[in-house]
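Heads up, the thing below is written out as structure tokens.
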Amino acid sequence: MKRFEAVDVSGGAECAPFFGPEVDDVVYVAKSVMKGESVASVCLDEDGDWQFFALSDRNRARQGRPKISHFGHLLESDATLSSMPPLPINHWVMRDGIGAVWGFSPIRAEVYFWR
């Protein structure tokens, strides 16, 4: 897993484009996050959809139906989400808690939670 601290994600011609969620983007959110747990992992799936999970979601095979929210509402609850690095499609970032360094990893097909 790659660690982000101060990193140039501008990429070059050979790199995939990187994206960051916008305040008005509609995102999928695990029920645990909607109930107040902090976001610990975020993925940008193959469809370009953002999915947000809590630390407690890492060991669950299926989360049930996600909730829908604007990214801005998540930022209101946790301003540190603004430090999340931009991602290419089919990647995700993880952290151990609020204020921790984000780790970066490609998504494997078997890790999609909501299909």
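The values are calculated or read from the model by the stated rules, or taken from the named source; none is laboratory data. Every value quoted in this text rests on a predicted model; they were computed, and no experiment measured them. Note that we place each Cβ from the backbone using ideal geometry, even for glycine, and neighbour counts take in every protein chain shown.
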Identify, by number, the condition in (1) surrounded by fewer than 22 Cβ atoms within 10 Å (Cβ to Cβ); (2) at pLDDT 90 or above that residue 55 doesn't meet.
(2)
Residue under question is residue 21, and the condition is that it be at pLDDT below 90 and touching a strand residue (DSSP E or B) at 6+ places or on another chain (Cβ under 7 Å); does it hold?
no
Just checking, which of 3, 62 is loosely packed, with under 13 Cβ neighbours inside 10 Å, within 15 Å of residue 104 (Cβ to Cβ) and either at pLDDT below 90 or of a type in the set (Asp, Glu) (or both)?
3
State whether one or more residues within segment 89-99 are surrounded by 17 or more Cβ atoms within 10 Å (Cβ to Cβ), modelled with pLDDT of 90 or more, polar (S, T, N, Q) and over 22 Å from residue 17 (Cα atoms).
no
Just give me the residues in segment 66-91 being part of a strand (DSSP E or B), in contact (Cβ under 8 Å) with a residue 40 or more places away in the chain and in contact with a helix residue (DSSP H, G or I) (Cβ under 8 Å, 6 or more places away or on another chain), in sequence order.
69
Quick one: which of 50, 102 is modelled with pLDDT of 90 or more, buried (at least 19 other Cβ atoms within 10 Å of the Cβ) and in contact with an Asp or Glu (Cβ under 8 Å, 6 or more places away or on another chain)?
50
